[in-house]
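Bear in mind these aren't lab numbers, they're just calculated from the coordinates by the rules spelled out. Since the model is a prediction, treat every value here as computed from it, not as a measurement. As a convention, Cβ positions derive from the backbone with ideal geometry for all residues, glycine included, and neighbour counts pool all protein chains shown.
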Amino acid sequence: MAVHHVDPADALAALRTARRARAAARPRPLPGWYPATAAGLFALGFVLFGLSVLLPERLWLPAAGLQLAAAAALIGHVVVSHRVEHRPGIVPALPRPGAWFPAAAAHLPALAVSGVLALSYGPAGFLLALGPTCGLAHLLLLRRKRARAGAE
Amino acid sequence: MNAEPPAPAFDELIHQPTRLTVVAFLSGCAEAEFRTVRENCGVSESALSKVVSTLEAASYVKVRRGYVGKRPRTWLRLSPEGRRALAAHLAELQRIAATATALAATLDHHPPQP
């Protein structure tokens, strides 16, 4: 038996201190609006790119507008993801072995569907399918991540 | 994955409040930058340097020095030994608190006879 004398009140205070300090380093809970917003911006970006490819060459001005809007949506996706998930100075967790598998499994069917449509409809088909399918995969992964973070 | 709870063991080195705060903070992440630890734990640079030296000497903390661009950065990480020691120490603190609570409940139900 270790020789020490710690008052139970001190023990409780130390436990509270440890809990607070640990919570400060843990990832912040993901807000409820985040999965739908990030996935929506991702899907919107690729769909708008796809639509711009469909337009005939003479409609270059609307096509440029669509591409601009698509770029804005994809940049928005990156910015929102970075603002919500990035903690400066903290590496939240080292990737566990096999952690890549759920993400790959969620995105592979989406990429396969987009690939098949690319063979039939060209780049427009690929982009128009990639947006919603990968967006949906993204949404499911982020919702699961949020639920898991809430459960911890 | 080791799901077994650690055996309670009081750790004199970790129990000091500043060291406990730093170790507990590092247990919540894989790695953290020195400045981030300092800001979040509310300690001065010199105090944190001393804490890190002590914990590094006990192999509880690993220090990694690198650069972000041209700026030097120091990264701190809790070693597996440090994680085990913290878990065992927190388990011991919980045991102390639980024992006191149980004793108080017993005394409430069976007050000592005069």
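Worth a mention:
- Span-like helix ranges in chain B, DSSP H, alpha carbon extent 24 angstrom or more, Kyte mean at least -0.5: B:80-109
- Under 5 Å from the amide H of A:Val91 lie the amide H atoms of B:Ala30, B:Glu31, B:Ala32, B:Glu33, each residue being 5 or more positions distant or on a separate chain, with H modelled from the backbone and absent for Pro and chain starts.
- Remark on region A:16-62: hydrodynamic radius 14.5 angstrom, per the Kirkwood mean of 1/r across alpha carbon pairs.
- Amide H contacts under 5 Å for B:Arg73, placed H, 5+ residues apart: B:Gly66, B:Tyr67, B:Val68
- Taking the centroid of alpha carbons for each part, region A:18-86 and region A:112-152 are 13 Å apart.
- Selected from B:Thr18, B:Thr99, B:Thr54 as most flexible by GNM, with chain B as the system and alpha-carbon contacts under 10 Å: B:Thr99
- Exposure proxy ranking for B:Asp108, A:Asp10, based on other Cβ atoms within 10 angstrom of each Cβ and starting from the fewest, stands as B:Asp108, A:Asp10.
- Helical content of chain B, expressed as a calculated mean residue ellipticity at 222 nm, amounts to -18500 deg cm²/dmol (DSSP H runs of 4 or more residues, -39,500 (n - 2.57) each, divided by residue number, nearest 500).
- Compared with the alpha-carbon gap, the fully stretched path from B:Ser44 to B:Ala104 is longer by 17.7 nm at 0.36 nm per residue.
- Relative counts (whole %) of C-alpha pair distances in region B:12-105, using bins that are 10 Å wide: 16, 45, 24, 11, 3, 1, 0
- Highest GNM mean-square fluctuation among A:Ala104, A:Ala21, A:Ala124, for chain A modelled with Cα contacts below 10 Å: A:Ala21.
- A dipole drawn for chain A from +1 and -1 charges on Cβ atoms has a positive end, and of A:Trp60, A:Ala147, A:Tyr34 the residue lying farthest that way is A:Ala147.
- Simple label model, 7 Å out from Cα along Cβ direction - A:Leu136 to B:Arg35, nm: 4.5 nm
- Using only the C-alpha atoms, the convex hull of the protein assembly as shown corresponds to 187 Å³ per residue.
- Modelled FRET efficiency - R0 22 Å, A:Arg19 with B:Arg95, Cβ distances, 0.05 increments: 0.85
- Label separation (A:Ala64 vs A:Arg144): 4.3 nm, computed from points 7 Å beyond Cα along the C-beta direction.
- Contact order for chain A, expressed relative to its length and based on alpha carbon pairs under 8 Å spaced 6+ residues apart, stands at 34 percent.
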